[in-house]
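For reference, the structure is listed below as structure tokens.
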Amino acid sequence: MLLEELYNNNLGKVFIYLKNKECEHYIPMNFHDYSNIALGAILSDLIMFENANNISSLGTHSVEASCFCFLAIESFVNTILKFLCIDNNDDFSKYKKKQLNQRIVLINKFLGLDHYLFSKTFPQSKLQEFEEFRNEIFHDRLFENEIKFNKTLFSQRPNFPNLISEFQALIIVIDFFNFYRTCIDGVDLMPNILVHKGESFFFDKLDNYYNCILKPSFEFSLEKHKLSTNLSLVLLETKNEICYHPKQFSIMPIIKAVNDMSIDIEFDNKKTNYTAQLYYNYGKRKKLAEKEFGVPCYIKK
């Protein structure tokens, strides 16, 4: 079997499942995956920061974490908008190319939420600065200048972020998710984050994960290294009181535990170490003195 034939494998994926007498729909909740990728990067950086002995350990995965945080927001918005379009016999393709803020306005209109009230409750200016920060990273347009952020503490040179940018992104994400988490009747859209427990695992809500692990870890390491920040690490904890009741469908968040694909493949369960050995042997070829290290070389030889 060709590996590319498995592109449509949806095992373990999370969906919003809609069903009525005539049809059914599966809306992928991709923000679940993006949130977990971002949180994995942030947790990795926090572990390094705790025992840092130089300034190179202040956010190795900051670009990855920040960008996946923004991807999570975009996916979250589109997931809600797709559902609302289906339930109101509207066409999502009409809106998918609109700016993020325009799609949020549409969601609020569908929900019957006063957009002015949303603007007063949730600091949109922070989300706009987050989008600008992300765009500069994605398009690499900044040159010899800095961006002035007035409402956030993102790095003014987005290609040089650190843990502050990661936490600024994460706080905006959680506050945004929290505002809309119960906007659909019977559903809690706050992402679930994977937590390992020995050889098993479970999931907990992102805001709980933040308050129980990420925030206290960051505060501990800041104090340990005699550092501080002007960034408030406290979440807004404001919720949208609007609860949309589906007009045409029953709705259920699900995880695909049984694959729809007919897969006839037998994996070889023999434990091997080939890739790790290749990496080890590759490094072994380079002769370095004790405690010597190499640097990137872009000089033509």
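Structural remarks
- Residue, farthest from residue 167 (Cα to Cα), within the stretch 249-279, restricted to residues that are touching a strand residue (DSSP E or B) at 6+ places or on another chain (Cβ under 8 Å) and in a loop (DSSP other than H, G, I, E, B): 249
- Consider the stretch 45-88 and keep the residues that are polar (S, T, N, Q) and without any contact (Cβ under 8 Å) to a residue 24 or more places away in the chain. The one that is farthest from residue 127 (Cα to Cα) is 53.
- Comparison of 193, 213, 174 shows that the only residue that is closer than 21 Å to residue 65 by Cβ and open to solvent by 60 Å² or more (accessible area, probe 1.4 Å) is 213.
- Among (1) of a type in the set (Phe, Trp, Tyr); (2) within 24 Å of residue 129 (Cα to Cα); (3) without any contact (Cβ under 8 Å) to a residue 24 or more places away in the chain, the one test that residue 92 misses: (2)
- Among the candidates 136, 199, 144, 132, the residue that is in contact with a Pro (Cβ under 8 Å, 6 or more places away or on another chain) and without any contact (Cβ under 8 Å) to a residue 40 or more places away in the chain is uniquely 136.
- Residue in the stretch 52-65 that is open to solvent by 40 Å² or more (accessible area, probe 1.4 Å), touching a Leu at 6+ places or on another chain (Cβ under 7 Å), outside any loop (DSSP other than H, G, I, E, B) and at pLDDT 95 or above present: no
- Scanning the stretch 16-70 for residues that are over 30 Å from residue 247 (Cβ atoms) and of a type in the set (D, E, K, R) yields 45, 50, 64.
The values are calculated or read from the model by the stated rules, or taken from the named source; none is laboratory data. What you are looking at is a predicted structure, and each value in this text was computed from that prediction instead of being measured. Neighbour counts run over all protein chains shown; Cβ positions are idealised from the backbone, glycine included. Keep in mind that these areas ignore ligands, DNA and RNA; they rest on the heavy atoms of the full protein, side chains included. Shrake-Rupley method; radii C 1.70, N 1.55, O 1.52, S 1.80 Å.
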